[in-house]
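S.K.: Here it is: the structure, laid out below.
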Amino acid sequence: MDALAKVVATLNGFIWGPAMLVMIVGSGLYLTFRMGGFQFKNQKDMWGRIFEKGTSDAGISAFASFATTMAMRVGTGNVAGVAVAIYFGGPGALLWMILAGMTNSAVCFAECSLGVLYKVKIDGEYRGGGPYCAERGLGWKKYGMFMATIFMIGVAALMPAAATYTICDGFQNALGIDLWKSALAIAIIMAIVIIGGVKRISKIASYIVPFMVIVYLIATVVILIVNIGRVPAVIAQVFANAFSPGALFGGTLGVVIQQGVKRGTFSSASGMGESSPTAAAAETSHPVKQGMANAAGVWLDTVIVCTASGLMMLLTDTFNTAQGYIGSGAAELTQLAAEGTNGVIFVQLAMTTIMGKIAPTFIAIMLALFSFTCLISYYYEAETAAMYLFQGDDKQNARKVVTWIIRLAMPILIFIWGNAESKMAWDLSDLALGSITWINMLIVMMLSPKVIALYKDYDNQMKQGLNPIYDVDKLSWNGVDKEMWREIRDNYKKTK
């Protein structure tokens with residue numbers, strides 16, 4: 001296991017190096033510039049698209065798609081991920097997370113719009129995502145198969161590691177429950193949920209996600225009110241550390257930026273391609289509509305919820321850093337610093353300042369909801385990749401077999417990762433996230449001119465006061481399923 005840990009750590013050092021930061025931030029800035037800062041000037045429209053009505057036998061509603069995507073986004077990275085970023089990068093990493101979220105929303109918009117544009121029907125359901133875009137948008141079938149294989153392995157086998165461990169760690173900290181017991185419970189519940197397919201997954205996500213986000217934000221507001229006098233000092237601390245890490249927190253500017261962008265990317269999964277399969281499953285009249293909804297999701301996830309977690313820890317001074325800073329907000333911090341322990345325990349200690357002994361249990365429950373919804377979203381993404389690999393009427397039985405293999409294998413792996421060591425769990429998830437991001441971003445940027453054209457078409461219709469409908473006979477490219485889009489167009493026009 002030690003040898004594997006060293007290999008994974010070495011690969012992560014290469015994958016998450018300066019080139020990754022340039023690619024993610026650079027792509028987000030480029031798309032933001034080319035589309036006139038759409039994510040800033042279209043805030044009302046972005047949030048409104050979340051509640052767009054429309055469902056069918058082939059697709060789910062915009063809200064169900066949004067909730068399923070948010071099930072993946074609002075998860076481990078929003079709580080434990082922020083704590084890890086602050087531990088390694090200091091308070092300034094929070095600012096870089098927020099800035100990364102703002103620009104990453106443009107990347108998410110692009111990949112989700114493309115996922116919807118190039119979606120197809122398989123076994124009566126919409127399917128789409130990076131591999132479909134590679135083959136149908138660029139004619140890169142072999143690359144699409146390679147991408148689908150890596151994606152399926154990454155999100156089914158490796159990405160669940162951090163989410164599962166975080167749930168188990170939270171309940172062990174709060175209630176002393178053995179890791180294996182929590183892992184077994186998660187695995188069983190997971191198996192029950194994913195057997196129902198995307199309809200059941202989206203329905204459960206639609207119930208859980210709004211509840212967990214609202215409750216978590218209310219808790220943050222309470223901490224904010226109780227510590228209102230410290231807010232100016234904390235904000236100044238974040239900005240100072242973000243641009244010039246001092247002796248108090250140590251580290252270098254590069255580490256602060258790297259941790260902020262890395263955890264911001266992990267939290268939102270922008271550029272990784274995780275959002276596009278669920279976006280493609282939505283019944284919508286124009287690809288940009290679902291792109292807008294998912295761009296809003298990045299703001300909710302990284303700009304709002306991550307900020308909430310960061311403020312909890314910073315306002316209560318319940319955090320340590322790898323460079324030697326020990327917070328003064330809890331007696332346990334000195335021991336945690338000596339052990340090198342970080343992560344969800346920081347948020348639990350922060351919440352203890354207002355909720356007392358019940359706080360660790362509250363955060364453990366929140367984490368269980370956050371991280372479990374991540375896991376069910378990962379399953380759907382893996383299933384969609386498998387559907388791509390086994391397309392065709394003659395492979396219907398193969399699709400069923402592969403689907404059941406994933407449904408059985410994921411709970412088993414979840415049980416295993418729930419008993420892993422913390423750093424190993426995070427490193428495995430980082431390896432999957434980083435690898436897939438590199439593979440996916442090539443497709444997104446190669447097809448970005450089509451995203452820009454779609455946005456201009458959408459924007460022109462909005463300026464005319466129309467409800468945008470994608471007309472495949474006026475704007476189209478090779479690989480777009482014209483018959484399917486004509487059917488969607490005609491159905492929306494009839495409804496109107």
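S.K.: Only one residue in Gly89, Gly75, Gly28, Gly59 is within 17 Å of the chain's Cα centre (by Cα), at pLDDT below 85 and either crowded, with 16+ Cβ neighbours inside 10 Å or more than 30 Å from Cys168 (Cβ to Cβ) (or both). Which one?
M.R.: Gly75
S.K.: Provide a single number: the residues in the stretch 152-181 that are closer than 28 Å to Thr384 by Cβ and in a helix (DSSP H, G or I).
M.R.: The total comes to 16.
S.K.: State whether one or more residues within the stretch 349-362 are closer than 22 Å to Leu224 by Cβ, open to solvent by less than 10 Å² (accessible area, probe 1.4 Å), without any contact (Cβ under 8 Å) to a residue 12 or more places away in the chain and not aromatic (Phe, Trp, Tyr).
M.R.: Among the residues of the stretch 349-362, at least one is closer than 22 Å to Leu224 by Cβ, open to solvent by less than 10 Å² (accessible area, probe 1.4 Å), without any contact (Cβ under 8 Å) to a residue 12 or more places away in the chain and not aromatic (Phe, Trp, Tyr), which makes the answer yes.
S.K.: Go through the residues of the stretch 378-385 one by one and say whether even a single one is over 18 Å from the mean Cα position of the chain (by Cα), within 22 Å of Gly130 (Cα to Cα) and either buried (at least 19 other Cβ atoms within 10 Å of the Cβ) or modelled with pLDDT under 80 (or both).
M.R.: The answer is no, given that none of the residues of the stretch 378-385 is over 18 Å from the mean Cα position of the chain (by Cα), within 22 Å of Gly130 (Cα to Cα) and either buried (at least 19 other Cβ atoms within 10 Å of the Cβ) or modelled with pLDDT under 80 (or both).
S.K.: Here's a follow-up. Looking only at the stretch 456-473, how many residues end up being among the β-branched types (Val, Ile, Thr) and more than 17 Å from Glu283 (Cα to Cα)?
M.R.: 0
S.K.: Output the residue which, of all residues in the stretch 414-425 that are crowded, with 18+ Cβ neighbours inside 10 Å and under 21 Å from the mean Cα position of the chain (by Cα), is modelled with the lowest pLDDT.
M.R.: Out of the qualifying residues, it is Ser422.
S.K.: Let me ask something else about it. Being crowded, with 20+ Cβ neighbours inside 10 Å, hydrophobic (A, V, I, L, M, F, W, C) and in a helix (DSSP H, G or I) is the filter here, so list the residues in the stretch 31-40 that pass it.
M.R.: Leu31, Phe38
S.K.: Could you list, in sequence order, the residues of the stretch 455-474 that are in contact with an Asp or Glu (Cβ under 8 Å, 6 or more places away or on another chain), crowded, with 16+ Cβ neighbours inside 10 Å and not aromatic (Phe, Trp, Tyr)?
M.R.: Pro468, the sole residue that qualifies.
S.K.: Moving to a separate point now. Out of the residues in the stretch 482-496 that are modelled with pLDDT of 90 or more and surrounded by fewer than 17 Cβ atoms within 10 Å (Cβ to Cβ), state the one that is nearest to Gly137 (Cα to Cα).
M.R.: Checked the stretch 482-496; the qualifying residue nearest to Gly137 (Cα to Cα) is Lys482.
S.K.: Can Leu428 be described as buried (at least 18 other Cβ atoms within 10 Å of the Cβ) and modelled with pLDDT of 85 or more?
M.R.: So Leu428 fails the test.
S.K.: Related question: Could you please tell me which pairs satisfy a Cβ distance under 6 Å, a separation of 6+ or placement on different chains, a first residue in the stretch 1-24 that is under 24 Å from Leu442 (Cα atoms), and a second residue that is assigned to a loop (DSSP other than H, G, I, E, B) and modelled with pLDDT of 80 or more?
M.R.: Sorted first by the residue in the stretch 1-24, then by its partner, the pairs are Ile24/Gly271.
S.K.: Evaluate the following for Thr321: is it over 25 Å from Ala163 (Cβ atoms), buried (at least 19 other Cβ atoms within 10 Å of the Cβ) and of a type in the set (Val, Ile, Thr)?
M.R.: no
S.K.: Taking the condition of being at pLDDT below 75 and either assigned to a helix (DSSP H, G or I) or within 21 Å of Val255 (Cβ to Cβ) (or both), how many residues in the stretch 1-20 meet it?
M.R.: Selection size over the stretch 1-20: 4.
The values are calculated or read from the model by the stated rules, or taken from the named source; none is laboratory data. Quantities reported herein were computed from a predicted structural model and do not represent experimental measurements. Neighbour counts are summed over all protein chains in view; Cβ atoms, including those assigned to glycine, are modelled from backbone coordinates with ideal geometry. SASA here: full protein model, heavy atoms, side chains in, ligands and nucleic acids out. Shrake-Rupley method; radii C 1.70, N 1.55, O 1.52, S 1.80 Å.
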